[in-house]
Amino acid sequence: GLRNDWYNVSSLMAEQAFGDYDVNQLSNDYVTFFLHGRKDSFDNAYIPTRGQSVGISYDWVFGGGPNKFNNFHAIHFDAKKVVGDDRFAFIPSVNIRYLIGDEVPVPFTNAAAMQKIVGVARSDFRFKLFKNNYLTAMANYALTCNEISDFKDVSAKVSGYFGGGVQYTYNSIIGPVGLNVHWSEYTHNLGLYFSLGFDF
């Protein structure tokens, strides 16, 4: 398909961008050609008890304005599987995003303005407390670098970060209500996230 996005970024949450990003591209219009595909066999989109989901996408951002920028590409792969049942589930997942191009505009940065390649391996351990109430322990590890060739010198060019958290979820009639507390080796701070209802 073909997509048009307009970004107007007034401030950045990250103190600095570690990758090859154009920090001057905070407000602009972008035209993207994309190919997206997904296979999903989850029995529930929010609290699945079985199944798996695998997705791959390719974006080519080639036009826009009024500011000029270098064309770039984004490749994204993710996979998640549920092992267990409604009482207890182990949910491993992997998420990889690779930005190809020079001076990618800031609105398209990888998570927390990390470098152009980011891979995250995550494990969720979900327990059912009682009807419609769940507690999940989460642990993940992220690797980030600028080029595939950087993996030849992992100690010097590849950065790794650990993160973990605990989430309470109530599966309500208006959708899942969630509250999680998390900590990241990247920020060295505790964080709090609240969500309500279905995603659209």
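With the condition kept exactly as written, say whether any residue in the range 151-163 is acidic (Asp, Glu) and either crowded, with 16+ Cβ neighbours inside 10 Å or under 14 Å from residue 114 (Cβ atoms) (or both). No, because not a single residue in the range 151-163 is acidic (Asp, Glu) and either crowded, with 16+ Cβ neighbours inside 10 Å or under 14 Å from residue 114 (Cβ atoms) (or both). When restricted to residues that are touching a Pro at 6+ places or on another chain (Cβ under 9 Å) and either over 20 Å from residue 163 (Cβ atoms) or among the aliphatic types (A, V, I, L, M) (or both), the range 82-133 contains 5. Among the residues of the range 50-80, those identified as surrounded by fewer than 17 Cβ atoms within 10 Å (Cβ to Cβ) and outside any strand (DSSP E or B) are 50, 66, 67, 68, 70, 71. Could you grab me the full set of residues in the range 117-142 that are open to solvent by 70 Å² or more (accessible area, probe 1.4 Å) and more than 17 Å from residue 176 (Cα to Cα)? Correct list: 122, 125, 141.
For residue 42, are the conditions met, namely being under 17 Å from the mean Cα position of the chain (by Cα) and of a type in the set (A, V, I, L, M, F, W, C)?
no
Test residue 83 against the stated conditions and say whether it is surrounded by 14 or more Cβ atoms within 10 Å (Cβ to Cβ) and assigned to a strand (DSSP E or B). In short, no. Against the definition (at pLDDT 95 or above and among the acidic types (Asp, Glu)), how does residue 5 come out, yes or no? Spelling it out, it is not the case that residue 5 is at pLDDT 95 or above and among the acidic types (Asp, Glu).
For residue 91, the conditions (1) touching an Asp or Glu at 6+ places or on another chain (Cβ under 6 Å); (2) assigned to a loop (DSSP other than H, G, I, E, B) all hold with the exception of (2). In the range 181-200, the residues that are free of Cβ contacts under 8 Å to residues at least 40 places away in the same chain and over 13 Å from residue 167 (Cβ atoms) reach residues that are among the hydroxyl-bearing types (Ser, Thr, Tyr) and surrounded by 13 or more Cβ atoms within 10 Å (Cβ to Cβ) with C-beta atoms within less than 7 angstrom, at least six apart or across chains, in these pairs: 184/161; 185/161.
The values are calculated or read from the model by the stated rules, or taken from the named source; none is laboratory data. None of these values were measured; they are calculated from a predicted model. Ideal geometry is used to build each Cβ from the backbone, glycine not excepted, and the neighbour counts take in all protein chains shown. Each accessible area value is taken on the protein alone, full model and side chains, heavy atoms only, with ligands, DNA and RNA left out. Shrake-Rupley method; radii C 1.70, N 1.55, O 1.52, S 1.80 Å.
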